[in-house]
Amino acid sequence: MSEREATTPSAVAPETVANRPDPKSLSTGLSKLLSSLHFKLLVAAFCGFGAALSLLIMSDLTNQSSFGKPTSSLAFLPLSSSNSSDDLSRVYHAYESLTVQAETANRTIQTQQQELAQLKEALKQHQQTPKAFIPDKMIVVAQFNEDFQWLDLYVDEIPHVVYTRTNPKAVHNLEPNLGNEASVYMKYIVDHYDNLPENVLFLQAHQETWHIPDVSRGGQNGGNIIPIINKLKWGVHGFASIGTSNWNKVQSDDVLDHREAWAKLKSIWPKLFQDALGDMPPFINRYCCAMFLVKKERILLRPKSFYQRALDWLLSGEFPNYWSGRMFEHTWGIIFGEPHDAPQYPGGVCHYTYC
């Protein structure tokens, strides 16, 4: 036989066909192989899941609450050794439960972090917000029907506020018209007690009147308030009365007006002044006529409730205006910390102005 004949298909066909496996046998073997692989994969998967579950259980057991109790349903999960489908179901549901708890805890943490961030931002904005401006000086004016345009013309560099008594359209209008200037002064103190300027000048609305000292004539009566304001010693004295041309010792003396004023003051002292000022003194030295410069620290000697009570009494109308205002004209000095027997100012008008 030639070499060409030896390599033809017909020469090898019988041997190849004879050695080929039976199709049924091949199918059976492949099925067994696949079954075997499937089983091994299942075993491997279950073993891997079991190992992961063991780690979860150990981790869960170490995460105890502050009372020493387990924090999830995995801590005492009963598992049999048979690896049955029931065990797998319990494991699966326990794992789902733990996952839900973890997701819930994560959402709670995220929510708390967001709230904390909002609080930090609010605090930052609060710290950066400028405080309300509180001037070092303030002029408070009690106006009835006087022309007070002089304030804007000559004293525009000093902040001032005007309380009217007969103009409902005004920004600051105090009604009813009772208590004269005393109710205006009390109203301002009550309204600004927690943010008072360092120095407050309380005035009536007159630019010129008989009881204003004239600084150009040594403090005699009949002056103009503008030169006094321009030369005022702000922040030097705790309290200084502007009406230094009229000094009085108020008591039950022979002066009719003083006797009547003293009797009325004595009748209201217990309910208006006793708790804040103590017993009524035997007399009071004071200057006319309820215009003065006072420091914040002196105003704060008395609680806000004292000023509110005084304002309520003034607006009650228990006394006519003349007498209700006079009760405080006599007592402004001792309300703001001056002794009842305070002497006259040695320098007169130069005590509180730069002469």
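The values are calculated or read from the model by the stated rules, or taken from the named source; none is laboratory data. Everything quoted here is computed from the prediction, not taken from an experiment. Neighbour counts are summed over all protein chains in view; Cβ atoms, including those assigned to glycine, are modelled from backbone coordinates with ideal geometry. Ligands, DNA and RNA are excluded from the accessible area calculation, which covers all protein heavy atoms including side chains. Shrake-Rupley method; radii C 1.70, N 1.55, O 1.52, S 1.80 Å.
Here are a few things to note about the model shown:
- With bins 10 Å wide beginning at 0, the percent of Cα pairs of segment 174-329 falling in each bin runs 10, 36, 39, 15, 0.
- Computed lengthening from residue 221 to residue 208, 0.36 nm per intervening residue step minus Cα-Cα distance: 3.7 nm
- Globularity ratio of segment 285-355, using Cα Rg and 2.2 N^0.38 Å: 1.25
- Local charge for residue 215 was computed over the other residues whose Cβ lies under 13 Å away, with Lys and Arg +1 and Asp and Glu -1, and equals +1.
- Highest to lowest packing among 106-112, 180-186, scored as the average C-beta count within 10 Å: 180-186, 106-112
- The residues of segment 91-175 expose on average 75 square angstrom of accessible surface per residue, using a 1.4 Å probe on protein heavy atoms.
- FRET efficiency for the residue 297 to residue 114 pair, using the beta carbon distance and R₀ = 56 Å, is estimated at 0.75.
- Extension gain, residue 263-residue 153: 0.36 nm per intervening residue step, less the Cα-Cα distance, totals 35.3 nm.
- Gain in span if fully extended, residue 246 to residue 170, counting 0.36 nm per residue against the direct Cα distance: 24.1 nm
- Trypsin sites (Lys or Arg not before Pro) lying in DSSP loop within segment 144-216, provided at most 12 other Cβ fall within 10 Å: 169
- Structure note, pairs 137/296; 264/304; 233/304; 271/296; 233/296: Cα-Cα distances above 18 angstrom occur for 264/304; 233/304; 271/296.
- P(r) histogram, all alpha-carbon pairs of segment 203-254 included - 10 Å bins from 0, percent: 22, 48, 23, 6
- For segment 155-223, fraction of C-alpha pairs farther apart than 13 Å, in %: 73 percent
- In terms of packing, defined here as the mean over residues of other Cβ atoms within 10 angstrom, the peptides 303-310, 270-277 line up highest first as 303-310, 270-277.
- Surface accessible to a 1.4 Å probe, residue 231 within the full protein complex, Å²: 90 Å²
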